[in-house]
Amino acid sequence: MPKRIFITATNTDIGKTFVTVRLLEQYASMGYRVGVIKPIETGVAEAPLDGTKLHALMQSLNPAAAELSVDDVVPLQFALPAAPYCANGAQAVDLSIIDAAIEKIEALCDILIIEGAGGLYVPIDKETMMIDLIGRYGAKALLVSHCKLGCINDTILSVKAMQERALDFAWTLNCHQDDQDFYEVSEPYFRDKFPDFTIFERDIVKIADALLL
């Protein structure tokens with residue numbers, strides 16, 4: 001079975017798609033056939049924006065994926081830019097649609113990156129939260145946090161949520177150029193409490209290797 005890596009985050013707009021793109025490129029450079037799926041995308045008017053980008057990149061990195069469509073990469077699409085629970089009118093989501101898409105893509109790759117939507121406790125339907133997909137698909141997760149004020153609290157809450165579920169995961173900080181105050185207002189805590197913490201762009205090779213363990 002291909003290695004499954006689930007990209008999640010402490011909230012929306014943290015950089016999951018950016019991280020997914022960079023990891024796809026990194027693994028391809030290491031000689032792996034890469035695949036990607038974003039099981040659910042909301043805010044889709046005509047075509048899924050994130051999914052279209054990921055689909056094109058996968059095809060450029062893995063010629064075997066030429067037969068796949070953007071609907072394979074994003075099997076569930078909703079128009080309303082909201083949590084899937086709300087975007088789908090609180091109706092039950094048929095997860096077997098995602099299961100089938102994963103099986104189809106995995107037949108063509110060595111590593112499958114699964115990009116979640118929003119944060120861990122984004123509701124998919126009345127029974128399922130985004131965090132449930134990590135266990136359902138037996139994936140190793142990468143939790144992506146931000147570097148703005150509040151990142152300590154947001155990171156710890158999400159880390160504890162994953163620990164409570166006994167999930168296999170790593171976490172990293174996705175810092176932007178305008179996050180320079182991070183090194184004064186937040187990094188001292190991470191350095192003291194988590195001496196091996198990573199910053200994504202700086203440590204991408206280390207992160208990519210760790211996710212394969």
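The values are calculated or read from the model by the stated rules, or taken from the named source; none is laboratory data. Here the structure is a predicted model, which is why all the values come from computation and not from measurement. Every residue, glycine among them, receives a Cβ derived from its backbone with ideal geometry; neighbour counts consider all protein chains shown.
Of all residues in region 60-69, those satisfying the criterion of being buried (at least 18 other Cβ atoms within 10 Å of the Cβ) and in a helix (DSSP H, G or I) are L61, A65. Please state which one of I124, I105, I114 is more than 22 Å from Q26 (Cβ to Cβ), surrounded by 18 or more Cβ atoms within 10 Å (Cβ to Cβ) and modelled with pLDDT of 95 or more. It is I124. Scanning for something free of Cβ contacts under 8 Å to residues at least 12 places away in the same chain and out of contact with any Asp or Glu (no Cβ under 9 Å at 6 or more places or on another chain), does region 108-120 turn up at least one residue? Checking region 108-120: not a single residue is free of Cβ contacts under 8 Å to residues at least 12 places away in the same chain and out of contact with any Asp or Glu (no Cβ under 9 Å at 6 or more places or on another chain).
Results for (1) assigned to a helix (DSSP H, G or I); (2) surrounded by fewer than 23 Cβ atoms within 10 Å (Cβ to Cβ); (3) over 19 Å from the mean Cα position of the chain (by Cα), shown as yes or no for each residue.
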position	(1), (2), (3)
Q26	yes, yes, no
G31	no, yes, yes
G35	no, no, no
L54	yes, no, no
L80	no, yes, yes
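Beta carbons closer than 7 Å, at least 6 apart along the sequence or on distinct chains, pair a first residue in region 141-170 that is farther than 14 Å from N11 by Cα with a second that is among the polar types (S, T, N, Q) and outside any loop (DSSP other than H, G, I, E, B) for A141/T8.
Taking helices (runs of 4 or more DSSP H) as the structural unit, those lying wholly within region 91-210 and holding at least 2 residues that are in contact with a strand residue (DSSP E or B) (Cβ under 9 Å, 6 or more places away or on another chain) and of a type in the set (V, I, T) correspond to 96-106, 130-136, 151-164.
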